[in-house]
Amino acid sequence: MPKYYEDKEEDGRACGGVREDLRQCLLESPCVLQENKSPKQCLREGHCRSLQMTFFACKRSMVSVCGVFSASSLD
C-alpha cells in the first residue's frame, strides 16, 4: 500500500512520495534482501512494477504540463 500520505520528510521533488515508495519497495523486496541483487537489477526484472508505472505516469504528467505551458507561450 502506498505510504506517500504518511508522515515523511518533504522531498520537494516532483513525485517525491511515489519515488520514496518505489525506493522502499525495491529495498524491501526479496530480490534485494535474499538474492543480494541491486535495486536497479530488481527493477529491470519487474519487481515493484505497479509503483514503477505510477512513478513514470507522474513524471510524464509533469512533462506534459510543462509542454502545454511552453507551447501556449509560443502563440
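Results, tabulated for the structure shown:
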item	result
Residues (surrounded by 14 or more Cβ atoms within 10 Å (Cβ to Cβ) and either of a type in the set (Lys, Arg) or modelled with pLDDT under 90 (or both)) located in region 15-57	Cys15, Gly16, Gly17, Arg19, Arg23, Lys37
Arg60, sole failed condition from (1) open to solvent by 90 Å² or more (accessible area, probe 1.4 Å); (2) modelled with pLDDT under 85; (3) in a helix (DSSP H, G or I); (4) not aliphatic (A, V, I, L, M)	(2)
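The values are calculated or read from the model by the stated rules, or taken from the named source; none is laboratory data. Bear in mind that the values here come from a model prediction, so they are computed numbers and not experimental data. A quick note on method: Cβ atoms are made from the backbone with ideal geometry, for glycine too, and the neighbour counts reach across all protein chains shown. Protein only, heavy atoms only, side chains kept; ligands, DNA and RNA dropped before computing areas. Shrake-Rupley method; radii C 1.70, N 1.55, O 1.52, S 1.80 Å.
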